[in-house]
Amino acid sequence: MVRPTDSVSDAAASPGPVSFGEFERIDRIFAPLSAGAPGAFGLTDDAALLPELPPGQAWTVTVDALVAGVHFLADDPPDLIARKALRCNLSDLAAMGAVPAGYTLALALPRGMEDAVPWIEQFAIGLGQDQAEFGIHLFGGDSVSTDGPIWASITAFGTVSGDRPLRRSGARPGDDIWVSGTLGDAALGLLVLRGQILRDDVTESLVGRYHLPHPRVSLGPALVGTAHAALDISDGLVQDAGHIARRSGVAIEIEAPSLPLSQAMIACIDSDPDLLHHVLVGGDDYELLFTAAPEARTAIEEIAARLGVRLTRIGTARDETAGVKVLDRHGETLGGLERGGWTHA
Ligand SMILES: [Mg+2]
């Protein structure tokens, strides 16, 4: 782990049982997270070596930063903040069809909090849990103090077949549009946390989806060679479908009645039908949206069954002006979604 001059120094760390300096923080808390990556040298050098890859495999790299007050709430549990930061990146790797291998971390803590041992320990425990779950390791990192809010930036590395990564640009007219899991749950979870949805029966599942995405790490690589285009939905279905539409030069037609809804979402819509728009424009879904030829339907259903992932066909790519259209049950176009998408808190 790099030891920057702008980090809290050993001298600046206040003494006592709940504080320690940066070197100790690295050695005690972060170095063990690198144990499975020999090229990380136990975080004792200036940089790490990435493992060698078999012929035909390529490294994929992505970075995502999460800022308190924007992407999470400052008093969210630190282990969940860590896991969310990591999982957003794993979702991006999955969208490329890549298998995750490891990550680097940059963490900024407000002055006075740099030596908050319990917070940092909990943050690292969250990383450790997900390292075990996803078979990845810490390659390196940095920590700094800031006059601003907490933020965490993770750069994740994965491997993918060099000539077959999933791209946003591969959709073809006539392709089916597919989506994994269910949509809108995390957006409703945030409304629950803000006290705007008051239903005890849905709190756990919706807030769980907001705090802890479930990146489709198995699905992404399984779609390589079958899907024509893919991305992960982080900013809302309509907005992200627009990226595939523009990059591929197709129109994407989504049939609203086909959209996959969770039981919690259905319960909420029953009492407030307006909540349905979160399925279309809510954020933080971290599901995969992909396109494939109609001939691939059986293969895709087999992938869904093998991985135990819900995959739903929600529309069609058309040879029309690039854009996204959402049709209701009567085939009428729903309006007002053009500027839709996730507006951060
Ligand atoms: Mg993404």
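Take the Cβ-Cβ distance between Val63 and His214 as r, set R0 to 22 Å, and report the resulting FRET efficiency rounded to the nearest 0.05. Please report the intermediate quantities before stating the final value.
Numbers: r = 20 Å, r/R0 = 0.93.
According to the calculation, E is roughly 0.60.
Quote the relative contact order of the stretch 234-308 in percent (integer), defining contacts as alpha-carbon pairs under 8 Å separated by 6+ residues. Could the numbers behind the result be given before it?
Numbers: 37 pairs, mean separation 36.5, N = 75.
Once divided by the residue count of the stretch 234-308, the mean separation gives 49 percent.
Find which of Phe139, Ser262, Met96 sits farthest along the positive direction of the dipole of the chain, computed with +1 on the beta-carbon of Lys and Arg, -1 on that of Asp and Glu, about the Cα centre.
Working it through, the farthest residue towards the positive pole turns out to be Met96.
For the modelled label position 7 Å from the Cα of Ala293 along Cα-to-Cβ, which residues of the stretch 154-185 have backbone nitrogen atoms closer than 16 Å?
170-177
Once you compute Rg and the Kirkwood Rh from C-alpha atoms, what is the Rg to Rh ratio for the stretch 55-151? All intermediate terms of the calculation are to be shown ahead of the outcome.
Values: Rg = 14.0 Å, Rh = 14.1 Å.
For the stretch 55-151, the value is 0.99.
Test of understanding: express the Cα radius of gyration of the stretch 176-327 as a ratio to 2.2 N^0.38 Å, with N the residue count. If you can, show how the numbers build up before the last one.
Details: Rg = 15.3 Å, N = 152, 2.2 N^0.38 = 14.8 Å.
It is 1.03.
For the chain, which longest stretch is free of loop sites, where a loop site is one of the GluC sites (Glu not before Pro) that DSSP puts outside H, G, I, E and B and that has at most 16 other Cβ atoms within 10 Å? Display every interim value, and only then the final one.
Working: sites that count: Glu52, Glu320, Glu332, Glu338.
In short, 53-319.
Can you give the longest run of the chain that contains no trypsin sites (Lys or Arg not before Pro) sitting in a DSSP loop with at most 10 other Cβ atoms inside 10 Å? The partial results should precede the final answer.
Values: sites that count: Arg194, Arg329, Arg339.
With trypsin sites (Lys or Arg not before Pro) excluded where exposed in loops, the chain gives 1-193 as its longest stretch.
Taking 2.2 N^0.38 Å as the expected size of a compact globular protein, what ratio does the Cα radius of gyration of the chain give against it, to two decimals? It would help to have the intermediate numbers written out before the result.
On the way: Rg = 21.3 Å, N = 345, 2.2 N^0.38 = 20.3 Å.
Normalised Cα radius of gyration, the chain: 1.05.
Treat every Asp and Glu Cβ in the chain as -1 and every Lys and Arg Cβ as +1, leave all other atoms uncharged, and give the resulting dipole magnitude about the Cα centre to the nearest 20 debye. Present the calculation step by step, with values, prior to reporting the outcome.
Details: 25 positive and 46 negative charges, 147 e Å.
Value, rounded to 20: 700 debye.
So for the chain, averaging the separation of alpha carbon pairs under 8 Å that are six or more residues apart and normalising by length, what relative contact order in percent results?
On the way: 766 pairs, mean separation 73.5, N = 345.
Averaging sequence separation for qualifying contacts and normalising by length gives 21 percent for the chain.
Take Arg164 and Ala267, extend 7 Å from each Cα along the Cα→Cβ direction, and tell me the distance between the two endpoints in nm.
Once both label points are built, they end up 4.2 nm from each other.
Every number here is computed from the coordinates shown, using simple stated rules; none is lab data. Being a predicted model, the structure only gives us computed values, none of them experimental. Because the Cβ atoms are built from the backbone with ideal geometry, glycine has one as well, and the counts that use them run over all protein chains shown.
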